[in-house]
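No lab work stands behind these numbers, since they all come straight from the coordinates. Quick caveat: nothing in here was measured; it's all calculated off a predicted structure. Neighbour counts are summed over all protein chains in view; Cβ atoms, including those assigned to glycine, are modelled from backbone coordinates with ideal geometry.
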Amino acid sequence: MEECIDCGACEPECPVEAIFPEDALPDKWEPFVKINYAYGDGMGVVNQLTNAYAAEHNVQSPPLEAR
Ligand code: SF4
């Protein structure tokens, strides 16, 4: 498994400015730190955490076929 070496090269390349150093993460994205770390535990855990976040923050997304 390859690991991030924290070089920062990806940060300016992200088209939606979604990459931050962990110590500069805006407060509103803090819940996603736990979700990102959960990738090592499998997608079942990630989906559980993501669904919990969505329910807690009333995040709604239309089904793919409706987009
Ligand atoms: S480009 Fe981004 S993900 Fe890749 S090593 Fe550098 S900081 Fe980590």
Report summary line: Here the FRET efficiency for E22 versus L64, based on Cβ atoms and R0 = 35 Å and rounded to 0.05, is 0.70
Report task. For the chain, build the convex hull from the C-alpha positions and give me its volume per residue in Å³. Result -> 139
Query raised in the report: What dipole magnitude, in Debye to the nearest 20, does the chain give about its Cα centre under +1 on Lys/Arg Cβ and -1 on Asp/Glu Cβ?
Result: 400
Query raised in the report: How large is the helix-only mean residue ellipticity at 222 nm for the chain, computed as the sum of -39500 (n - 2.57) over DSSP H runs with n ≥ 4, divided by its residue count, in deg cm²/dmol to the nearest 500?
Result: -9500 deg cm²/dmol
